[in-house]
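So the structure is just underneath, and the comments pick up after that.
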Amino acid sequence: MSDAPARAMTPVGVNHLVLNVRDIDVAHEFWTEVMGFRHIGSLKPRSERSMNMRFYNGLSESHHDLALAEIMGDSEDSGDWSMAPKRPGLNHLAVHYPDRDSWLKQIAFLQAKGVMFNLRINHGMTHSVYINDPDGHGIEVLYELPREDWEADIDGALNYADVLPTEGAEALVDEPTPVFAAPGAGD
């Protein structure tokens, strides 16, 4: 792609970490009672096969610092990365780019380098592309939307997902995400 920069964009740093856990209640107790993180939201079930996922924050301004995803009992582990947890350990880490422009340049760069996009999704707080590193670790490449767009309803924003194309020019299009108002606002 001709619009891709000649070299990688520099990220802000690591935004959050998602861990696959055997027992989400045990892990929840550890990360809140022992490590001091605050539980800020949970993924709402969409079906019987929905992931059980909880989100946590420390003192950062990020939408979340840590998430726990419970391993699904009947998940078959093919060895390929998947958002659905299959074994304990790292699900993915999120690398944060400072703004929309640098993020778009970076994903164009990734595509030009032949990096496969596993998932392209607009969350309520971030716009993200999921890729793998050479060892198969999941990496979410994101930029965070303005805090005022999601902080009034973090639960609604955590549960929002607009899945987009992963190949071609369509994977590089960035559309606006809804602003999340406080629950009950406007009723």
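In µm²/s, what is D for region 27-132 at 4 °C and 1.567 mPa s, where D = kT/(6 pi eta Rh) by Stokes-Einstein and Rh is the Kirkwood radius from Cα pairs?
The calculation lands on 82 µm²/s.
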Please turn the phi angles of region 136-143 into ³J(HN,Hα) values with the Karplus equation 6.51 cos²θ - 1.76 cosθ + 1.60 (θ = phi - 60°), one per residue in order, whole Hz, x for glycine and proline. x, 5, x, 10, 9, 9, 9, 10
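For the chain, calculate the relative contact order in percent as a whole number, restricting contacts to Cα pairs under 8 Å that are 6 or more residues apart.
Value for the chain: 23 percent.
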Rg [Å, one decimal], Dmax [Å, integer] - region 107-156, C-alpha atoms: 13.1, 38
So what is the relative contact order for region 74-154, in percent, with contacts set as C-alpha pairs under 8 Å and at least six apart? 32
Cross-link partners of Lys113 among aspartates and glutamates (Cα-Cα below 16 Å; sequence separation of 8 or more within a chain): Asp3, Asp133, Glu167
Need one number: nm distance between label points at Ala182 and Asp80, each 7 Å from Cα along Cα→Cβ, rounded to one decimal. 4.5
Mind checking region 1-69 for trypsin sites (Lys or Arg not before Pro) that DSSP puts in a loop (not H, G, I, E or B) and that have at most 12 other Cβ atoms within 10 Å? Arg7, Arg22, Arg46, Arg49
Sorted by Cβ neighbour density within 10 Å, fewest at the top, the residues Lys44, Lys105: Lys44, Lys105
Base-10 log of normalised Debye intensity for the chain (one unit scatterer per alpha-carbon) at q = 0.08, 0.15 Å⁻¹: -0.26, -0.94
Once the piece of chain linking Lys113 and Arg100 is laid out straight, how much longer is it, given 0.36 nm per residue of separation minus the C-alpha distance between them? 2.7 nm
Rounded to the nearest Å, the spacing of the alpha-carbon centers of region 22-42 and region 87-154 is 24
Most exposed first by the Cβ proxy, i.e. fewest other Cβ within 10 Å, how do Phe30, Phe55 rank? Phe30, Phe55
Taking the alpha-carbon distance from Lys44 and a cut-off under 12 Å, which aspartates and glutamates remain once sequence neighbours fewer than 8 residues away in the same chain are dropped? Asp155
How would Val18, Val141, Val34 line up from fewest to most surrounding beta-carbon atoms within 10 angstrom? Val34, Val18, Val141
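Read the figures in this text as sums done on the coordinates, not as results from a lab. What you see is a predicted model, and the numbers here were worked out from it, not measured in a lab. A quick note on method: Cβ atoms are made from the backbone with ideal geometry, for glycine too, and the neighbour counts reach across all protein chains shown.
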